Amino acid sequence: MTTQATEAAAAATLTSRHLLGIAGMTADEIGLVLDTAIAMKEIGGRAIKKVPTLRGRTIVNLFFEPSTRTRTSFEIAEKRLSADTLSIAAATSSVTKGESLLDTVRNIEAMSPDMIVMRHASSGAPHLLARTCRSAIVNAGDGMHEHPTQALLDAFTIREHKGRLAGLKVAIIGDLLHSRVLRSNVILLNTMGAEVWACGPSTLMPPGIGGFGVRATTSVDEAVEGADVVMMLRIQHERMHGHFIPSVREYFTLFGLTPERARRARSDVIIMHPGPMNRGVEIDSEVADGPYSVILEQVSNGVAVRMAVLYLLAGRDIDVERGEG
Amino acid sequence: MPQVMDADRMSRALTRIAHEILERNCGLDELALVGIRTRGVPLARRLARALREINGDDVPTGALDITLYRDDLMRHAVGPQPVVRRTEIAFSIDDRKILLVDDVLYTGRTIRAALDALIDFGRPRGIQLVVLVDRGHRELPIKADYVGKNLPTSLSQSVQVRLQEIDGVDEVVIEGEP
Amino acid sequence: MKLLLKGGRVVDPANARDGAFDVLIEDGRIARVGKDLPADGAEVFEIRPGWIVAPGLIDIHVHLREPGQEHKETVLTGTEAAVAGGFAAVACMPNTEPVNDHAGITQFILKKAAEAARARVYPIGAVSIGSKGEQLAELGEQKTAGCVAFTDDGKPVATALLMRRALEYAGMLGVPVIDHCEDPSLKGDGVAHEGYYSSYLGLRGIPGAAESIMVERDVSLAELAGAHVHIAHMSARESLRAVRAGKARGVRVTCEVAPHHFTLTDEALDGAVKYDTNLKMNPPLRSAADRDAMIEGIADGTVDAIATDHAPHHPDEKMLEFDRAPFGIVGLETAVPLVFDRLVHTGRITIGRMIELLSVNPARVINVPGGTLAEGSPADVTVLAPDREMIVSAESLKSRSRNMPFDGWRLRGGVAATIVGGRMVYKNA
């Protein structure tokens, strides 16, 4: 058929059969995911929000850490692609019975899933599984390491608004030390040529952040000045126990995104937050609900981006798993 | 590689099809064109233009990407996933007569996928199939309602449709030994 | 029973001897060291050209895991690994189950060692009961039972006061206190060296200062007590500075460095196999600057000994999430090749200095016989093959465990034979 030749020519592919992190992805691969997500987003606007693409494929969502937003987003993405899905939460799994991660996953693998979407509190847990398991592994957040689909949906949202990523000033503000969203976003934005500023209290600044290729500052004003995008990170109340911050009150005073601070950004700035949000802690409600906030768009784009990732990986998966060709 | 259609013949074929569409449907009421990506889309637009020239009315035109409906999607040997493009159907297909447009009709599998995809958008009154070239070798019970040219081919041959909008030239060529 | 080591180069820094000599062993002791000794009925072991006859190597930081964790290692398998690695003697840490905090356990270990009859085993007792940092263990009885030093290894001696008393009391007994230096609050639940790589990989960090703060404390307390403190597995450049300063003002402080700390850095965590738990040890692999400082300290004499911190773990225990896996790697069988390949063949130290670090000084740190080929001393001898090419294979280790990051490494330098008390307990000739 005539169409095959052009499709082959236009097709790019992901080199890995897993999505463990943004690290290792090229700009072309990131672009492919974002472009594919455009088509996926259209499906979400239809009356029948479902395509038969992953019919007969089984995807297990294995969440060792509580998550509503990300798990729901993956589940919807999977269902829109017609995959059979199963979600397992850590509380109901064998992990609490002292079973090791590998044994838990081997038991699940014995039931032949095609993909495992996993969230885990330990950095690198998906890498351990990717080395030892047959299924394709999609990292839905590992410890303080990466959260690649979040960075991809952030990039998708930014691109929708700005038309590009290169050359934009993106300020990421908050608990930098513990944030996997920060790490994935920094790697992605650097790969795509954006100028990234990272801002937070000195106690929550990752050691060696100089190596991340970002401009680090403890001044919100400096970070926000002239920014095209301001991305707020969640600050967890537990952080007070590690002597990271004296109080959430003081944190808001020094680092909260207030309307006054937001005004230092470009007039067409977009304000982002990966959620869940702490109003009055890291972000003022007026900003969170204001005209430049794209926080809810991020959530809807999450489904499209995750559909794109699952679609692109599903094809890769065949090659290795079934040994075809 | 013998050229089996040039720009002129292609244009005449499309004009003829436009007339046939008008005859068969007694006018353009409730008609809509949906081109299958990639080359069905410019062909659908050309047909819309031809219909307007004849009749003066605009026919809504959309683009359908059938990648996610393909039955061979998860059966690729080694190779990348086909690129998914946007489907753009900005009108309701409910109770309309849809003219589905593609460049080449071959096994029928693309059309099968397109029918599935289309049905997900609503319940059209009817679907008619328009193809520029029918090269035979059907694997599914599918038949075109309007054909620009019937082209007997062997399985080893391939048919290339090139369009000005995409390829910079209008022609149909047949490659390979018969 | 006589054994003649014929030919080869004898390197015996304790006796300032370095040259071509034969060594005659009789009744478990060095009988003679001289030129062209006659066989005279002795069994002859031909030392090949290029090989080196050295006093038996001593590893003063080994976890033999027995009693209690025999699935990781036993006195038998651990001492098999030791002699295969060229070590004629090892000192074993008290963090067994139960903790070696009383004479019964020391006697048990010594009994197992006698049955194994491989390397000599010198038990090290716990400073505090259960290594809990609360109450001083019976150091006097432990010394009588055979302990050569005291430590709460695995964790630091908990408080400055306990450390002070331990130093004073052990000083009275003439044995050192060995400390695993780490400030628990700074270490927190850290699992990797705090720096770019820990941040990049999202691993909780352990700063070098967590170690050096405790080294500073211990140096000050050794000064106060007038006793000998030995710093275990030193890894941070700040610690080296503290030891150097202590030595300069005459404090009795000694220290050891493990092979992985002069070989690897935290960059390895981001290598081909990410989050490899065989790169997880405590103290962690540190920065390149720390690694270079360790090599400098080894070369300039600040570092007294190289000790492996041989820490076997079962594969099931290591096949976990990085932050859940236990700390430690096995090291007995790779120490000599690593020292040759990374320190001797690179010109950082001489073979004489290597023998000081692996034999002479370890014997002095824990006050045991050995480290010498003097006539009349116990015949513990290691025959080294400096140019032997080898590919490290975790699969073929004598140790019961395989947890190490050196699998597949191509190294130059090995062990040809290990002789303990005149008995050839390992030969790879």
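Read-outs throughout are calculated quantities, based only on the coordinates presented, and are distinct from any laboratory measurement. Keep in mind the model is a prediction, meaning the values are calculated, not measured. Because the Cβ atoms are built from the backbone with ideal geometry, glycine has one as well, and the counts that use them run over all protein chains shown.
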**OP:** Compute the acute angle (0 to 90°) between the alpha-carbon long axis of helix C:288-300 and the principal axis of greatest extent of the alpha-carbon atoms of chain C; round to the nearest 10°.
**Re:** 40 degrees
**OP:** Report the residue, chosen from B:Q160, B:Q128, B:Q81, that carries the largest GNM mean-square fluctuation when chain B is represented by alpha-carbon nodes joined by springs under 10 Å.
**Re:** B:Q81
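With 21 Å as the limit, write out which pairs from C:K2/C:K427; B:K97/B:K143; C:K6/C:K398; C:K2/C:K111 have Cα-Cα distances beyond it, or answer none.
Values: C:K2/C:K427 17 Å; B:K97/B:K143 17 Å; C:K6/C:K398 28 Å; C:K2/C:K111 26 Å.
Among C:K2/C:K427; B:K97/B:K143; C:K6/C:K398; C:K2/C:K111, the Cα-Cα distance tops 21 Å for C:K6/C:K398; C:K2/C:K111.
For the stretch A:174-230, what number results from the quotient of the Cα radius of gyration and 2.2 N^0.38 Å? Could the numbers behind the result be given before it?
Working: Rg = 10.5 Å, N = 57, 2.2 N^0.38 = 10.2 Å.
Working it through for the stretch A:174-230, the quotient is 1.03.
Stokes-Einstein D for the stretch A:42-166 at 25 °C, 0.890 mPa s, Kirkwood Rh over Cα pairs, in µm²/s? Could the numbers behind the result be given before it?
Working: Rh = 15.6 Å.
Once the numbers are plugged in, D ends up at 157 µm²/s.
How big is the Rg/Rh ratio for the stretch C:56-365, C-alpha atoms only, Rh by Kirkwood, two decimals? Show your work: numbers first, answer last.
Numbers: Rg = 17.8 Å, Rh = 19.1 Å.
A ratio of 0.94.
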**OP:** With springs only between Cα atoms under 10 Å apart, run a GNM on chain C and tell me which of C:I349, C:I25, C:I329 wobbles the most.
**Re:** C:I349
**OP:** Taking 7 Å along the Cα-to-C-beta vector as the label spot, tell me the A:D268-B:S156 distance in nanometres, rounded to one decimal.
**Re:** 5.8 nm
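Considering only DSSP states other than H, G, I, E and B, which GluC sites (Glu not before Pro) in the stretch C:355-429 qualify as loop sites with at most 16 other Cβ atoms within 10 Å? Each step should come with its number before you reach the end.
Working: sites: C:E356, C:E375, C:E389, C:E395; in loops: C:E375.
Those that pass, being in a loop and sparsely packed, are C:E375.
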Subject >> aspartates and glutamates whose Cα lies under 18 Å from that of C:K143, excluding same-chain neighbours fewer than 8 positions away >> reply: C:D101, C:D152, C:D153, C:E168, C:D179
Subject >> Residue of A:G167, A:G200, A:G226 that the Gaussian network model of chain A assigns the largest fluctuation, springs spanning Cα pairs under 10 Å >> reply: A:G167
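Longest span of chain B, sites excluded, free of GluC sites (Glu not before Pro) in DSSP loop with at most 15 other C-beta atoms within 10 Å? Write down the numbers at each step before the final one.
On the way: sites that count: B:E30, B:E139.
Result for the longest clean stretch: B:31-138.
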Original post:
Distance from the Cα centre of the stretch A:160-233 to that of the stretch C:339-367, in angstrom?
Top reply: 48 Å
Original post:
Does anyone have the angle between helix A:180-191 and the longest principal axis of chain A? Alpha-carbon axes, 0 to 90°, nearest 10?
Top reply: 80 degrees
Original post:
Tell me, what are the semi-axes, in whole angstrom and largest first, of the equivalent ellipsoid of the protein assembly as shown as set by the roots of 5 times the Cα gyration tensor eigenvalues?
Top reply: 71, 33, 22
Original post:
Between the stretch C:214-241 and the stretch A:66-143, how many Å separate their Cα centres?
Top reply: 46 Å
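Only Lys, Arg, Asp and Glu count, each charged at its Cβ (+1, +1, -1, -1), so figure out the dipole size of chain A about its Cα centre, rounded to 20 debye.
Working: 34 positive and 36 negative charges, 84 e Å.
Magnitude of the dipole: close to 400 debye.
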**OP:** On a 0 to 90° scale, report how tilted helix A:295-322 is relative to the longest principal axis of chain A, with both axes built from alpha carbons and the result rounded to the nearest 10.
**Re:** 30 degrees
Subject >> Qualifying lysines (Cα of each under 21 Å from Cα of A:K41; at least 8 residues distant if same chain) >> reply: A:K49, A:K50, A:K79, A:K162
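Hey, got a sec? Which trypsin sites (Lys or Arg not before Pro) in the stretch A:261-300 land in a DSSP loop and have at most 12 other Cβ atoms within 10 Å?
Values: sites: A:R261, A:R263, A:R264, A:R266, A:R279; in loops: A:R263, A:R264, A:R266.
Counting only loop positions with at most 12 other Cβ atoms within 10 Å, the trypsin sites (Lys or Arg not before Pro) in the stretch A:261-300 are A:R263.
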Original post:
In percent, what relative contact order does chain B have, based on Cα pairs under 8 Å that are 6 or more apart in sequence?
Top reply: 25 percent
